[in-house]
1. So which aspartates and glutamates can K90 reach, going by Cα to Cα under 20 Å and dropping same-chain residues fewer than 8 places off?
2. Relative contact order of the stretch 1-86: what whole-number percent is it, with Cα pairs under 8 angstrom and at least 6 residues apart?
3. By the gyration tensor of its Cα atoms, with a ≥ b ≥ c the square roots of the eigenvalues, what is the shape of the stretch 178-234: rounded for a/c under 1.5, prolate for a/b over b/c, or oblate?
4. Starting from the Cα-Cα distance between E60 and R107, subtract it from 0.36 nm times their residue separation and give me the gain in nm to one decimal.
5. With every protein chain present, what accessible area does Y50 have (1.4 Å probe, heavy atoms only), rounded to the nearest 10 Å²?
6. Putting +1 on Lys and Arg Cβ atoms and -1 on Asp and Glu Cβ atoms, find which of N129, V232, A20 reaches farthest to the positive end of the dipole of the chain.
7. Just to check I understand the Karplus step: with θ = phi - 60° and J = 6.51 cos²θ - 1.76 cosθ + 1.60, what whole-Hz values come out for the stretch 15-25, glycine and proline as x?
8. Please list the equivalent ellipsoid semi-axes of the stretch 62-127, computed as the square roots of five times the alpha-carbon gyration tensor eigenvalues, in descending order and whole angstrom.
Amino acid sequence: MTARLLSGKEFAAKFKEDAAKRARAIEAAHGVTPGLAVIIVGEDPASQVYVRNKDRACAELGIYSEVLRMPATTTKAELIAKIDELNYDKRIHGILVQLPLPEALHREEQEILDRIDPAKDVDGFHPVNVGRLSLGQSALVPCTPSGCLKMLELAGIPLDGQRAVIVGRSNIVGKPMAQLLLAKNATVTVCHSHTKDLAAVTREADILVAAVGKPKFITADMVKPGATVIDVGINRIAPKKLVGDVDFDAVQEVAGAITPVPGGVGLLTVAMLMENVVTAAELQLKS
Ligand code: GUN
């Protein structure tokens, strides 16, 4: 059996179309263009690519966008001053600080993210949004997991009562993904580097989400026949070769549905960011 391919491109195009329509409705009702500010500190090459993709998506959808480039030597105080400026800037409805920050700011990362006005926190990383998500209240939700969930729903994959296993417990993907699947009545297990007999756990999954950051980590023997496999990993194994956390060629013979890398979940992240900017703008203009 070869698995059904869940193409990020197809779903992302639909999500972006929806966001563009809502952006036009905001313009018509309020005469305001939704705006995103992305702060990038330092020269991380992967981050440069991601930020360029976000800027391009804004242009494509008619969303105002500013990219603020700050040197790797930027201090916490300088970064916080910039965030404060954007918190009060009426043209900006969404603020995103691209991660990872340079080494010198790693320990202060959460304090920096906490400075973003929760209403403009389009990454959904602020404790207010994290808390609201875990309470089942409306929130700005991290883009990668919310894109995965929306894709699963649109693809008609059943969630209610299903066993979902997430490999990886990051604040960006693993934890919010668990909250989203739990809210849809899945039975959720979160695995990590200390999990004993990982393969035995993953083999129970009807929905398996891989977010570990290790190339081809999920092998065919770890997957239940017919399971839906969502690969969140983006690992560069050669200058022009990206692979996911799933051994795609082998796993697609076992799985019922699978996302490819590239061309999978990565495209959904940018699309959901656009949606979050539009949602943030709608809420700010309402209040
Ligand atoms: N770096 C990798 N993924 C993300 C993301 O979703 N948001 C931000 N801000 N940085 C990232």
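1. E27, D55, E66, D114, D117, D121, D123, E275, E282
2. Rounded, it is 30 percent for the stretch 1-86.
3. Rounded, since a/c falls under 1.5.
4. 13.4 nm
5. 90 Å²
6. So the residue furthest toward the plus end is A20.
7. Here the 3J(HN,Hα) series is 4, 5, 4, 4, 5, 5, 4, 5, 5, 5, 5 Hz.
8. Largest first, the stretch 62-127 gives 19, 13, 11 Å.
The values are calculated or read from the model by the stated rules, or taken from the named source; none is laboratory data. Being a predicted model, the structure only gives us computed values, none of them experimental. Backbone-built Cβ (ideal geometry, glycine too); neighbour counts: all protein chains shown. Surface areas here come from the heavy atoms of the whole protein model, side chains and all, with no ligands, DNA or RNA. Shrake-Rupley method; radii C 1.70, N 1.55, O 1.52, S 1.80 Å.
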